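Shown next, in structure tokens, is the structure this report addresses.
The values are calculated or read from the model by the stated rules, or taken from the named source; none is laboratory data. As the structure is a prediction and not an experimental result, all values here were calculated from the model. Heads up, the Cβs are rebuilt from the backbone with ideal geometry, glycines too, and the neighbour counts pull from every protein chain shown. These accessible areas exclude ligands, DNA and RNA; they are computed on the full protein's heavy atoms, side chains included. Shrake-Rupley method; radii C 1.70, N 1.55, O 1.52, S 1.80 Å.
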Amino acid sequence: VLKDKVSHDLLSLLANESGVQRQNIDVVSGLLRYQLINISEFDRLLEKWLDPRHRDAYSTVNAPALDFAVVLLQRMCLRQRVLSAANWTHTMEVLEREVSKGRQFQHGMSLQEAQLVEAVAKLLEELQTLEAPAPGKTKQTVPALMAARLEEEARARAAGGDIADTAATRDAMVKIFEEWSNMYNAAPDSLQNRGRAGSQVLIQHIASRGFMQSDQSKELFFRVCCEHAVQRAHADGPAASGSGAEDETRQGSNGEEGQPEPTSAPSMHFAATDAFTKLVVLLMKYATDKVQMLTRAFAAITKELTRDCELKGVQFNQRPYFRILLNLLMDVSAPDSHFETVNFQLLSAFCNTFHTCNPLRVPNFAFAWLELISNRMFMPKLLMVKNQRGWLMFQRLLVQLLHFLEPYLRRVQLNESTRLLYKGTVRTLLVLLHDFPEFLCDYHFSFCDIMPIPCVQIRNLILSAFPRNMKLPDPFMPNLKVDLLPEIKVAPRILASYTTTLLQQHLKHDVDTFMRTREKRLLETIKDKLRLPKKDSLLLDTKYNVPLLNALLLYVGVHLPQHGKTLPGQGGVQQNNPSLDIFMYLAHNLDYEGRYLFLGAIANHLRYPNTHTHYFSCMLLYLFADTTDEVVREQITRVLLERLIVHRPHPWGLLITFIELIKNRRFDFWHHSFVKCAPEVKCAP
């Protein structure tokens, strides 16, 4: 009974999640593998996720759900083989329909959609090949399949020669490491110049003990060495004090030598940690799979880091682990013929490691983590990878940093530590604004989803980014004709799945239905779905689902086709348009908090010259002119002014919108009562 209840609760949790949260391959495959959820019930749930009606308005197939289904079935049925095609009857029917429909309408598909349909077709063929049992054998049940697979894995581990984690094994590993450490620290330069012979002797010694036979053996070896090196860093510190070798700091992200630690910090000596990193690099150079060797080392380091942090709590010292990761970053990034061919894969390994030990998981490592991800040997190299393959990886790291800071920024509770971390974040964003503005342009939407209301400076900084090949017109230039600028007709690229966010509570379906029918009752439904449950509202200090509201405004204002006659003086807003009905309804029927968030979400699109900036600027000005509610006008002014009274930079679209508002006589701005109540308004640009 308890198992059934747990299974039902887990399935309900998956059904109620949306987007990336529910389409987590590792979580779902783990639940299925260990029979924590009912397979037939999940099959029916996946069938609903694959419903073509949930696709984007401009897509032929439901790409995110199809991709998830393909990867899941490949893992469960082809690689792990704990399930068979017979367990996915409903899903298989949907996939077969999608392949049939995709091949019928392939000329109307994008290249990515066509490739996805072919991947589905290939998967179905492979599953059919595996489905038929060998002669004389019957099909196994799901529990039997899982048991057989687990038995097979156990045999594979035994055949791989895994080393048992015993005291004798650890002593042997420590002894080898001490020999290497003494050799390296005695004369590191001469050791390096000895060439291949001396290195091979050490590698053969390690291999002869079986420490490199399998992934588990490698990880155990690296973990024991890492643990011993960190202990040595603590223990050798007082003894080495005054020798000039303690607390050396390698170059940081600003390219300058690091400053010495405060005198109150415990003394440390990093000879053992430096020897450990050199050992990892040496083993990588002579390994067949260099990336796999580094990955095993990273797995050991992060596990040891996490364990150490949990055991020591506030007494945890992040410096030894920072030293280890920084040394590896410097050594692997240095020009070396051994690593040139796998440079991107090595950067990906670093990225995955930083993801594993991000501040949300290991808060005590936050300062070292920020220094590492912003380092000149990591951030620029990752963002300059060909075809922007590293952008999504770095965006994930930056999102984790903003998520960690969000509670402190939301409550404006910055002690000395969080204030220092905030300054480091601002400096990292300034580097991105100067060197990689296109990165901030493309991902601004996902960043703005996280930032709380009081975080004006970081928001302005992100929204001020514009492509390097663009020269911004002077917003203070008299008689500037924004609608005649050639850039204003170009749509910006937004790398965010905002349409997926709208699938929460079937909001996208309600919006699409209203666009077709103009049924007024749907407006109230849309407004109500923007509110959070009471429990979440108390936790987040807001009554509204801000990411859902942001996604709604972008979808309604830009994603949907515009119809109707353009309003005079408002080139981006069109009359008799259902989009305009939604905007006007929300502006006049949301409460004070909801309207403030609504207007803030509009202001998030006032950036460099593009179609989105033009449309939302016109929409904001139209709301100001059309409304008869003085409170709405006052809130529009407040949203704009809050973003203008802080230090530069200010987004270009924000400036041209406010200048138009205060200078165009049509808006009669200076004669409104709320302007006279606050003398600071007259000081605005």
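Hey, among 409, 432, which residue is at pLDDT 95 or above, on the phi < 0 side of the Ramachandran plot, among the hydrophobic types (A, V, I, L, M, F, W, C) and surrounded by 15 or more Cβ atoms within 10 Å (Cβ to Cβ)? Give the derivation first.
Working: 409 fails: at pLDDT 95 or above.
Going through 409, 432 in turn, just one is at pLDDT 95 or above, on the phi < 0 side of the Ramachandran plot, among the hydrophobic types (A, V, I, L, M, F, W, C) and surrounded by 15 or more Cβ atoms within 10 Å (Cβ to Cβ): 432.
Among the residues of the range 325-351, count how many are under 22 Å from the mean Cα position of the chain (by Cα) and β-branched (Val, Ile, Thr).
Result for the range 325-351: 0.
Against the definition (within 20 Å of residue 446 (Cβ to Cβ) and either of a type in the set (D, E, K, R) or part of a helix (DSSP H, G or I) (or both)), how does residue 493 come out, yes or no?
yes
Would you mind finding the one in 389, 396, 376 that is within 29 Å of residue 289 (Cα to Cα) and in contact with a His (Cβ under 8 Å, 6 or more places away or on another chain)?
Details: 389 fails: in contact with a His (Cβ under 8 Å, 6 or more places away or on another chain); 376 fails: in contact with a His (Cβ under 8 Å, 6 or more places away or on another chain).
The unique qualifying residue is 396.
Of all residues in the range 585-606, count the ones that are open to solvent by less than 50 Å² (accessible area, probe 1.4 Å) and not in a loop (DSSP other than H, G, I, E, B).
So the answer is 13.
Condition check ((1) over 25 Å from residue 615 (Cα atoms); (2) at pLDDT 90 or above; (3) open to solvent by 70 Å² or more (accessible area, probe 1.4 Å); (4) aromatic (Phe, Trp, Tyr)) across all residues:
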site	(1), (2), (3), (4)
500	no, no, no, no
506	yes, no, yes, no
514	no, yes, no, yes
521	yes, yes, yes, no
554	no, yes, no, no
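Would the range 365-373 turn up any residue that is closer than 22 Å to residue 495 by Cα, open to solvent by 20 Å² or more (accessible area, probe 1.4 Å) and not acidic (Asp, Glu)?
Just the residues of the range 365-373 that are closer than 22 Å to residue 495 by Cα, to begin with: 373.
Okay, now just the ones that are also open to solvent by 20 Å² or more (accessible area, probe 1.4 Å), so none.
Taking every residue of the range 365-373 in turn, none turns out to be closer than 22 Å to residue 495 by Cα, open to solvent by 20 Å² or more (accessible area, probe 1.4 Å) and not acidic (Asp, Glu).
Could you check how many residues of the range 639-651 are open to solvent by 10 Å² or more (accessible area, probe 1.4 Å), assigned to a helix (DSSP H, G or I) and either within 22 Å of residue 441 (Cβ to Cβ) or of a type in the set (Asp, Glu) (or both)?
We begin by selecting, within the range 639-651, every residue open to solvent by 10 Å² or more (accessible area, probe 1.4 Å); these are 641-650.
Remaining after also requiring assigned to a helix (DSSP H, G or I): 641-644.
Of the ones still in play, those that are also either within 22 Å of residue 441 (Cβ to Cβ) or of a type in the set (Asp, Glu) (or both) are 642-644.
So the count comes out to 3.
Could you list all residues from the range 436-494 that are open to solvent by 70 Å² or more (accessible area, probe 1.4 Å) and acidic (Asp, Glu)?
474, 483, listed by residue number.
Exactly one condition in (1) out of contact with any strand residue (DSSP E or B) (no Cβ under 9 Å at 6 or more places or on another chain); (2) in a helix (DSSP H, G or I); (3) buried (at least 22 other Cβ atoms within 10 Å of the Cβ) is not met by residue 666; state its number.
Looking at each condition in turn, residue 666 falls short on (3).
Could you say which residue among 344, 354 is surrounded by 19 or more Cβ atoms within 10 Å (Cβ to Cβ) and at negative phi?
On the way: 344 fails: surrounded by 19 or more Cβ atoms within 10 Å (Cβ to Cβ).
Residue meeting the stated conditions: 354.
Every residue in the range 523-542 that is aliphatic (A, V, I, L, M) and open to solvent by 80 Å² or more (accessible area, probe 1.4 Å), please. Let's see the steps before the verdict.
First, the residues of the range 523-542 that are aliphatic (A, V, I, L, M): 523, 526, 530, 532, 538-540.
Within the range 523-542, 538, 539 meet the criteria.
Looking at the structure I just gave you, is residue 631 among the aliphatic types (A, V, I, L, M), closer than 13 Å to residue 596 by Cβ and open to solvent by 40 Å² or more (accessible area, probe 1.4 Å)?
Numbers: among the aliphatic types (A, V, I, L, M): yes; closer than 13 Å to residue 596 by Cβ: yes; open to solvent by 40 Å² or more (accessible area, probe 1.4 Å): yes.
Yes.
Return the total of residues in the range 293-337 being polar (S, T, N, Q) and in contact (Cβ under 8 Å) with a residue 60 or more places away in the chain. Break it down into steps so the answer makes sense when it comes.
Step one: filter the range 293-337 for residues polar (S, T, N, Q), giving 295, 302, 306, 315, 317-318, 327, 333, 337.
From what is left, the residues that are in contact (Cβ under 8 Å) with a residue 60 or more places away in the chain are 317, 327.
Selection size over the range 293-337: 2.
Can you give me the number of residues within the range 221-246 that are modelled with pLDDT under 85 and among the hydrophobic types (A, V, I, L, M, F, W, C)?
Within the range 221-246, the first condition is being modelled with pLDDT under 85, and the residues that meet it are 236-246.
Checking the rest, the ones that are also among the hydrophobic types (A, V, I, L, M, F, W, C) come to 239-240, 245.
The qualifying residues number 3.
Of all residues in the range 283-305, which are more than 20 Å from residue 340 (Cα to Cα) and open to solvent by less than 10 Å² (accessible area, probe 1.4 Å)? Write out each step before concluding.
Step one: filter the range 283-305 for residues more than 20 Å from residue 340 (Cα to Cα), giving 299-305.
Residues satisfying the conditions are 300, 301, 304, 305.
Which one of these is modelled with pLDDT of 80 or more, out of contact with any strand residue (DSSP E or B) (no Cβ under 6 Å at 6 or more places or on another chain) and not in a helix (DSSP H, G or I): 249, 295, 288, 273?
Values: 249 fails: modelled with pLDDT of 80 or more; 295 fails: not in a helix (DSSP H, G or I); 273 fails: not in a helix (DSSP H, G or I).
One residue alone meets the criteria, 288.
Determine which member of the set 582, 636 is surrounded by 16 or more Cβ atoms within 10 Å (Cβ to Cβ) and under 18 Å from residue 498 (Cα atoms). Show your work before the answer.
Numbers: 636 fails: under 18 Å from residue 498 (Cα atoms).
Sole residue among the options that is surrounded by 16 or more Cβ atoms within 10 Å (Cβ to Cβ) and under 18 Å from residue 498 (Cα atoms): 582.
For the range 371-418, what are the residues that are among the hydrophobic types (A, V, I, L, M, F, W, C) and farther than 22 Å from residue 442 by Cβ? Explain how you work it out, then say what you get.
Here is the first cut: in the range 371-418, the residues among the hydrophobic types (A, V, I, L, M, F, W, C) are 372-373, 377-379, 382-385, 391-394, 397-399, 401-402, 404-405, 409, 412, 414.
Residues satisfying the conditions are 372, 377, 404, 409, 412, 414.
Return the residues of the range 496-523 that are in contact (Cβ under 8 Å) with a residue 60 or more places away in the chain and farther than 25 Å from residue 14 by Cβ; say none if nothing qualifies.
514, 515, 518, 523
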